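Structure, as structure tokens:
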Amino acid sequence: MAETFVQNESIETIIQRYKGTVYSVALSYVNNREDADDIFQEVFLIYFRTNPQFNDEEHRKAWLIRTTINCSKRVVDSTYRKRTVPMDEMEEESFEFQTKEENAVYVALQALPEKYRTVLHLFYFEDMSIDMICKVLDLKASTVKVQLMRGREMMKEKLKEEGYND
């Protein structure tokens, strides 16, 4: 389904169109809703303040994903986050999907190293082509293909450990 590209759409329209993408990419990086919420707001604030110009809708989506990844990396690499220790007595609000299998896939995906987690998320959850992932992550096609292959194998092993067979 080809979307008509409108350069100067309202920020509300852009947020509605890309809220799922931005939030899910952020959540896949930071593994908690509070940080993902902050990143979500930061990405759209940057979008609003900079008012970037795009060639087409694919370019806008790539920009939003790249910005989300950059914001997420800043949060993950922040000194504050590295120096804080979660309090044992506080229970983390759990994030649950509708089915046991979806939860198992999410947990297995989060256990992967970042480079595999990112390409798998973009490929399977954002329906991005290998070429588009290459552009967004500034990687060669062969690198993306290898990371997808290795990531799939790692996911398969992690799911087998949890009792899910082929």
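Coordinate-derived values only; no laboratory data. These numbers were taken from a predicted model, which means no experiment stands behind them. With ideal geometry, Cβ positions are generated from the backbone for all residues, glycine too; neighbour counts draw on all protein chains shown.
Per 0.36 nm of contour for each residue apart, how much would the distance between Ala141 and Asn70 grow if the chain were fully extended, relative to their Cα-Cα spacing?
The span from Ala141 to Asn70 would gain 23.5 nm if fully extended.
Add +1 for every Lys or Arg and -1 for every Asp or Glu among the other residues with Cβ under 12 Å from the Cβ of Leu148, and state the total.
Within the 12 Å Cβ shell, the charges total +4.
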